[in-house]
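Let me begin by presenting the structure, written as structure tokens, before commenting on it.
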Amino acid sequence: MPTAINTARRLSCFGCTSFREGELSPVASPRRRARSLSEISFASNSVSSLKSVINLQTGWSSPNGSRCTTPSKEVSQFVDRFHRFQTLRCLSAQVDIFPAKADTSWLISWNFDALSVSDEEIFSHVLIMFDDLGLLSPSLVDPEALRNLLDLLALHYKDNPYHNFKHAADITHTVYRLIGACSPTIVLNKHERLALMLAALAHDVQHPGQSNLFLVQTAHPVAARFNNKAVLENLHVAALFELLSEHQEADVLRNLQEQDALVVRDMVSQAILHTDMAEHFNMVSKLDKIIGEGHKSKPSVSLMDRQHLLNLILHSSDVSNPCKPWEIAEKWSKRVFLEFFIQGDLERSLGLPVSPNMDRATTSRLQAQLKFIEFIVAPLFANVVHLLPSTSGLFQMLLQNYQQWVKLYEKELIADPNKEEDMKQDELGMLELHQEAFVKKYQAVIYASAGEYGAGRTREHK
Ligand SMILES: [Zn+2]
């Protein structure tokens, strides 16, 4: 076996010797975890050492036995893959999911269900996603710092029905997949990828479960702190950077050059601030304009301002639940309305007007869900599919889910004891026509987008 590969095995395995399968319980103690993280960090550093060894080494044996003076590209690729395997083995051993019991299909699918996995598994998944995006390295993110930050974020997300740590994990996975969807046309650099993933993880941290309007109307101290402007979004940004500055051990930007850290910080702040729904229609109309003016020989995504693209990826991910497989989409829908109704109850108890869609006595969750898809999600994702054609699978799921919501709403209408039979029939007829027109309009969008720049450029995501 070539010397350098022996070196690789020795160095990487040294970092992993404590991670024999079954040795750790699924939830490591904090003390145990701290040691494990140091070992992971060491394993990562070991790879850098290995690369240095290879770069300096001469007289390397090629796979066919001939001698060459510099390592071949294939050898470098082998070492990179070896590194990745060892890193993943180290990371996953902490939560005992890899390789024996691992199901990593979630990495290349929209089926990731954050609500069905533990926080520990989410930590591992996030580390794997960061690693896959090339973000875990001595000059970027230290895995130990990321793991510490995840611990802090899990602690600082509140236990709301919807805006909780699982939601952050869900959105982080969607952002990870949209970054991949960009790649045939536009490659996000390492700082942009890092900014997006960090923004996704923290984009709702400390969310109290009430809307901006509620916080302003009740003169909440947080509203006063941010001058009644984008109150929640400013809170999330501030909370993230306070955590990073107060916990050096969780500062995932500490390895970056000062100027680079500032750039990443600014991209993170902008992206989170643009998750404010008040920015939504502005964002969609800007996209409409870019796509309308798009040069036929150039994909529209390449004409976009980089920060606008980052904002779009995070915001689209944030409202992407209706585009997910039905079982996942339905669970999140129930949760968001549960949170809305709790706010509605609170508003009523305070003598305030109950906000739209938040009155449990008068709101049809099914009807509100349909309107959310029609007015918010579909127009946005029509543009996303145009920019990133490989996301057409998401849009197909949105249309399927829409039809499922219509069926459920029809049943609700039929069973409504407060409506006359004539009125029900009128509404059902209109609903059917409306559904047909909606699906027809957006099917056309999918076909047009998929064919616009040639089939070879698209990469179908499952
Ligand atoms: Zn969110």
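Values in this text are rule-based calculations from the coordinates and carry no lab data. Because the structure is a prediction, the values reported are computed rather than measured. Neighbour counts run over all protein chains shown; Cβ positions are idealised from the backbone, glycine included.
Add +1 for every Lys or Arg and -1 for every Asp or Glu among the other residues with Cβ under 10 Å from the Cβ of Ala154, and state the total.
-2
If Lys and Arg each add +1 and Asp and Glu each add -1, what is the summed charge of the other residues whose beta carbon sits under 12 Å from the beta carbon of Gln248?
Taking every Cβ under 12 Å from that of Gln248, the sum is -4.
For Asp426 and Lys440 in the same chain, what is the full-extension length gain: residue separation times 0.36 nm, less their Cα-Cα distance, in nm?
Full-extension gain reported as 2.9 nm.
Name the long-range amide H neighbours of Lys229: under 5 Å, sequence gap of 5 or more, or other chain; modelled H, no Pro or chain starts.
Residues meeting the amide H criterion: none.
If you stretched the chain out fully between Ser349 and Ile108, how much longer would it get, using 0.36 nm times the residue separation minus the C-alpha to C-alpha distance?
The Ser349-Ile108 span can extend by a further 82.2 nm.
Fully extended, how many nm does the chain gain between Thr362 and Ala278 (0.36 nm per residue separation, minus their Cα-Cα distance)?
My answer for the length gained is 27.8 nm.
What is the spin-label model distance, in nm, from Asp260 to Ser139 if the labels are put 7 Å beyond Cα along the C-beta direction?
Placing both labels 7 Å beyond Cα along the Cβ direction yields 0.6 nm.
What FRET efficiency do you get for His220 and Ala448 if R0 is 41 Å and r is their Cβ-Cβ distance, rounded to the nearest 0.05?
Plugging the Cβ-Cβ distance into 1/(1 + (r/R0)^6) gives 0.35.
Using alpha-carbon positions, what is the distance between the centroids of the stretch 146-195 and the stretch 334-374, in Å?
A separation of 27 Å, based on Cα centres.
Would you mind ranking Ser302, Ser317 by Cβ crowding within 10 Å, fewest neighbours first?
Ser302, Ser317
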